[in-house]
Amino acid sequence: MEEEGDRGARLGDALRTWAARPPHRPPTAAAREIRARLTAHPTSAWPPRHGWAWATAGALVVAVGLGGLLRLGRSGPGTEAPPVASAAVPAAAPLGDGEVLIWLDAETPLFMTFAPPRGGRSTGGGS
């Protein structure tokens, strides 16, 4: 079986050999060919020349506008979500220094501690 180093060395040699080859055509000739291709077939997609493209763009503008108007119409006074009743969240024990309580839902508390350990800094290696 072949070693990884041997395969890497062979790949490096092959890439250097490939990069050292002269180009098939000079850069000026390649630039001329590209320029000729670009100017021979203009393929600009804008502005659209087909009626269906304009109709689609217009329909999208109208749909977005109507959606915005409908959303504005619903957000008047009195449509806000009612506040969460404090009775829905059970009382918890007082939190210590660096502790945080986050209620994920009405029945699931998440206690998190953001304080360093009280025993001081360990030297590591206990994992």
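No lab work stands behind these numbers, since they all come straight from the coordinates. Computed from a prediction, not measured in an experiment: that's the story for all the values here. For neighbour counting, all protein chains shown are included, and Cβ atoms are generated from backbone atoms with ideal geometry for every residue, glycine included.
Structure values in brief
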| read-out | value |
| --- | --- |
| Extended-chain gain in nm, criterion 0.36 nm per residue less alpha-carbon gap, PHE111 and ARG25 | 24.1 nm |
| GLU3 versus ALA63: modelled label distance in nm, points set 7 Å from Cα along the beta carbon direction | 6.3 |
| Sites ALA14 and ALA36, calculated FRET efficiency, Cβ-Cβ separation with R0 22 Å, nearest 0.05 | 0.05 |
